[in-house]
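Below: the structure, in structure tokens.
Read the figures in this text as sums done on the coordinates, not as results from a lab. From a predicted model like this one, the values you see are computed outputs, not experimental measurements. Every residue, glycine as well, gets a Cβ built from its backbone with ideal geometry; the counts of neighbours run over all protein chains shown.
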Amino acid sequence: MKRHDGRKTFEIRPCQIITDFAENAYGSCLICTGKTKVICTASVEEGVPSFLRNSGRGWVTAEYAMLPASTNTRKARDGIKKDGRSVEIQRLIGRSLRQAIDMTKLGERTITLDCDVLQADGGTRTASITGAFVALCLAVHKLMENGLVTENPIISQVAAVSAGIVEDTALLDLCYVEDSNAQTDMNLVMNHKGEFIELQGTGEGRAFTNRELNQLLNAGRAGIRALMRCQREALERCFYLLPKPRIAVASGNAHKLRELGELFNGQYELISMKDAGFTGDPEENGDSFEANAIIKAEAVMRETGLPTLADDSGLSVDALGGQPGVYSARYAGEHGNDGANNELLLKNMEDIEDRTCRFVCAMALALPGGKTRVVRGECVGELLRELTGEGGFGYDPLFLYKSGKTFAEMSEKQKNKVSHRAVAAEAMYEVLREEL
């Protein structure tokens, strides 16, 4: 369907977060998501509610209000007794943001997050949560600068977005026109680990199916990923407070996770597919390195809901039309038999003069609700006629690099600087900076 404002189905409205909007607040911002505009402020008071006194724990709470001119017809101000909708929303904001804080590190003080809607065009509660997290971080930053809090209490990045079924189509970040005509309305609050803090889903026009629920969840994950990117940009001066974005890696190899972590400058939390909750074994039946990387990344992403990295690599020999290629690990028939694989390769290259070969690594990033991205890294060398060197694995003793050493003669550190995986990881790092 054609959206009211021309956006794609899983595209959020333009988001702008202006920090330090209210000078007197401990932390503040103006968040604009499309035409919806909310001022979020954080105030700090010494002391906590009576049920927390002498516990050593802090407290985070919230208040929400819509200003009279925030809607097309004047909305009456809340009196002593707030309207039920405002109470429900401010409780949601408080619950959501308490998930971001380790209260024991806050000390016995209260942070109150006030969210005042200047202009409403759908998604005011989700914009309030997303903006209030920014105000909360700015307040914590000031507390730490002033020496009132000594250890960072921020344990989760939190953001929220709306999604819905409109004209039988799953849409992300509904504006008022879409929201008022939605068959299904959903609000999602999530953390940086891809975990749900709260889901509010209602079949307003009709019941919704399991397939539609999964579409809405994927839409929400895509939207929250984009909103968290906006939050991090807004919080540049106190970036140190924020936890690293979590990425699943379609591997159980601890060495590979460490290597990738170093290649990505330690900016992401990389966890194995098992730790992410994936227990299957994706069948790598693709006809290219790229196809196999995509198969693995998308299989893990679908089950875990996390952005997922996967790679597939091997040796490609020009004179053999790219063989062993995707069959590198099982070239001689038995998976992982390096000796048999090398022996067969030397036999097949016995009378061939052109010894040009290359190690290839295809790396895929599968994104919930987004398009899978793929990069390729190559390292060109020469295939020797006999094994040289004691290190490495696979075809390393036959692969002569331009430095005059085989991969088996290099230290692990030397190899990692020039390898096909290093080249692919460098390209993927740029993709991650765009997407996460």
Tell me, what HN-Hα J-couplings in whole Hz come from the Karplus equation 6.51 cos²θ - 1.76 cosθ + 1.60 at θ = phi - 60° for each residue of the range 106-123, using x for Gly and Pro?
-> 7, x, 7, 9, 10, 10, 9, 9, 9, 10, 10, 7, 7, 8, 10, 9, x, x
Assign unit charges at the C-beta atoms only (+1 for Lys and Arg, -1 for Asp and Glu), then state the dipole size of the range 246-435 relative to its Cα centre in Debye, rounded to the nearest 20.
-> 560
Any aspartates and glutamates with Cα under 18 Å of the Lys35 Cα? List them, leaving off those in the same chain fewer than 8 positions away.
-> Asp5, Glu11, Asp116, Asp121, Asp173, Glu178, Asp179
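About its Cα centre, how strong a charge dipole does the range 15-241 have in debye, to the nearest 20, once Lys and Arg get +1 and Asp and Glu get -1 at the Cβ?
Using only the charged Cβ atoms, the result is roughly 260 debye.
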Two decimals is fine: what's Rg over Rh for the range 246-435, C-alpha atoms, Kirkwood radius as Rh?
-> 0.98
Read through the labelled values [x] 45.3, 181; [y] 26.5, 92; [z] 20.4, 64 and report the label of the one computed as Rg and Dmax of the Cα atoms in Å from the structure.
-> [y]
Listing Leu148, Leu398 from the residue with the fewest other Cβ atoms within 10 Å to the one with the most, what is the order?
-> Leu148, Leu398
Grab the other residues whose beta carbon is less than 13 angstrom from that of Gly94, score K and R as +1, D and E as -1, and report the net.
-> 0
For the table Lys8/Lys371; Lys37/Lys193; Lys193/Lys274; Lys347/Lys402, the rows whose alpha-carbon distance is greater than 19 Å are Lys37/Lys193; Lys347/Lys402
Amide H of Ala332: which non-local residues (sequence gap of 5 or more, or other chain) have their own amide H closer than 5 Å, using H built in the peptide plane?
-> Asn341
Hey, what do the phi angles of the range 307-317 turn into as Karplus ³J(HN,Hα) couplings, whole Hz, using 6.51/-1.76/1.60 and θ = phi - 60°, x for Gly and Pro?
-> x, 10, 9, 8, 9, 9, 9, x, 9, 10, 9
Simple Cβ-charge dipole of the range 338-387, Lys/Arg +1 and Asp/Glu -1, about Cα centre, in debye nearest 20 | 580
The residues Ile31, Ile197, Ile165, Ile18, sorted from fewest to most surrounding Cβ atoms within 10 Å, come out as Ile18, Ile197, Ile165, Ile31
Using only Cα atoms, locate the centre of the range 258-334 and the centre of the range 381-430, then give the distance between them in Å, rounded to an integer.
-> 18
Taking amide hydrogens as modeled 1.01 Å from N in the peptide plane, which residues meet the under 5 Å criterion relative to Thr184, leaving out close sequence neighbours?
-> Ile165, Glu204, Gly205
Selection from Leu174, Leu241, Leu400 lying farthest towards where the dipole of the chain points positive, charges on Cβ = Leu174
Helix by helix, which DSSP H runs in the chain go 18 Å or more along their axis at the Cα atoms and have an average Kyte-Doolittle hydropathy of -0.5 or more?
-> 84-98, 124-145, 289-304, 420-435
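Ignoring everything except DSSP H segments at least 4 long, calculate the 222 nm mean residue ellipticity for the chain; use -39,500 (n - 2.57) per segment, divide by total residues, nearest 500.
Working: 10 runs with 131 residues, N = 436.
Mean residue ellipticity, 222 nm, calculated: -9500 deg cm²/dmol.
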Say the dipole of the range 15-241 comes from +1 at the beta carbon of Lys and Arg and -1 at that of Asp and Glu; which of Val134, Gly194, Val48 then lies farthest toward its positive end?
-> Val48
Partner aspartates and glutamates for Lys105 [C-alpha distance under 13 Å; skip if fewer than 8 residues away on the same chain] | Glu151
Under a 5 Å amide H to amide H cut-off, with H placed in plane at 1.01 Å, what residues pair with Ala159 once short-range neighbours are removed?
-> Met190
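Can you classify the range 15-241 as rounded, prolate or oblate using the Cα gyration tensor, where a ≥ b ≥ c are the square roots of its eigenvalues, rounded means a/c under 1.5, and otherwise it's prolate if a/b beats b/c and oblate if not?
prolate
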In percent, how large is the relative contact order of the chain, given Cα pairs closer than 8 Å and 6 or more residues apart?
-> 11
